[in-house]
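Comments concern the structure below.
The numbers here are math on the coordinates, done by the rules we state, and not lab data. Only a predicted model underlies this, so the values are computations on that prediction, with no experimental measurement involved. All Cβ positions, glycine included, derive from the backbone under ideal geometry; neighbour counts span all protein chains shown.
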Amino acid sequence: MKSEPDVYSIDDLERDGREMWDSIRNYQARNMMRDDMRVGDEIFFYHSNCKEPAIAGISRVASEPYPDPTQFDPESRYFDPKSSKDEPRWILVDVEFVRKLEKPITLAEIKAHPGLDDMILTRRGNRLSIMPVGKEHWDLILTLE
């Protein structure tokens, strides 16, 4: 899961302990939270859109999927007038802090590792804020820490 560190960082999650992963407005990312994530799944917390994009820590799925409340709030920039409480368009999960990495693993390091060259993260034009990481890639990334 990607977040801009000036918006919400791994330090913020450490301080808060648990947080809604709200404001996702991409159907593919929404579907992953709704259909693929399970309570207890571990997540790489990735800092994006910053000087040195990197995996900064690990978090965990802490809830079943549920409607994102920002879609119903007219004061929110994520308000969706086409969504209703009976038929919500946007779903989220709560995430909880697990740990910071001993050393952030930069995008440059990930791209330079031949065993990670087929990750979704390294594909050109990838803009998803949520993407799957297979066990083989997960384990390999943790060896870079």
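Straight-line reach from residue 111: which aspartates and glutamates have Cα under 20 Å away, leaving out those fewer than 8 places along the same chain?
Answer for residue 111, where 20 Å is the Cα cut-off: 4, 52, 102, 136, 139, 145, listed by chain and number.
So, R0 is 30 Å and r is the distance between the beta-carbons of residue 18 and residue 48; what FRET efficiency does that work out to, to 0.05?
For R0 = 30 Å, the calculated efficiency reads 0.90.
What is the distance, in nm, between label points placed 7 Å from the Cα along the Cα-to-Cβ direction at residue 140 and at residue 79?
Rounded to a tenth, the inter-label distance reads 4.6 nm.
Using helices alone, I'd like the mean residue ellipticity at 222 nm for the chain: each DSSP H run of four-plus residues gives -39500 (n - 2.57), total over residue count, nearest 500.
Dividing the helical sum by the residues of the chain leaves -4500 deg cm²/dmol.
Mean-square fluctuation check for the chain, GNM, Cα pairs under 10 Å: which of 114, 104, 132 is largest?
Between 114, 104, 132, it is 114 that shows the largest mean-square fluctuation.
Scan [x] 8.9; [y] 11.8; [z] 12.9 for the value of mean projected area of the Cα convex hull in nm² calculated from this model and give just the label.
Computed from the coordinates, mean projected area of the Cα convex hull in nm² corresponds to [x].
Can you give the local net charge around residue 110? Use residues other than it whose beta-carbon is closer than 15 angstrom to its beta-carbon, Lys and Arg +1, Asp and Glu -1.
So the surrounding residues net to -2.
Please state the relative contact order of the chain as a whole percent: Cα pairs under 8 Å, 6+ residues apart?
It rounds to 28 percent for the chain.
If you take the beta carbon distance between residue 39 and residue 6 as r and set R0 to 41 Å, what does 1/(1 + (r/R0)^6) give as a FRET efficiency, to the nearest 0.05?
After rounding, the FRET efficiency stands at 0.90.
Treating only the Cβ of Lys, Arg, Asp and Glu as charged (+1, +1, -1, -1), what charge dipole size does the chain show about its Cα centre? Round to the nearest 20 debye.
440
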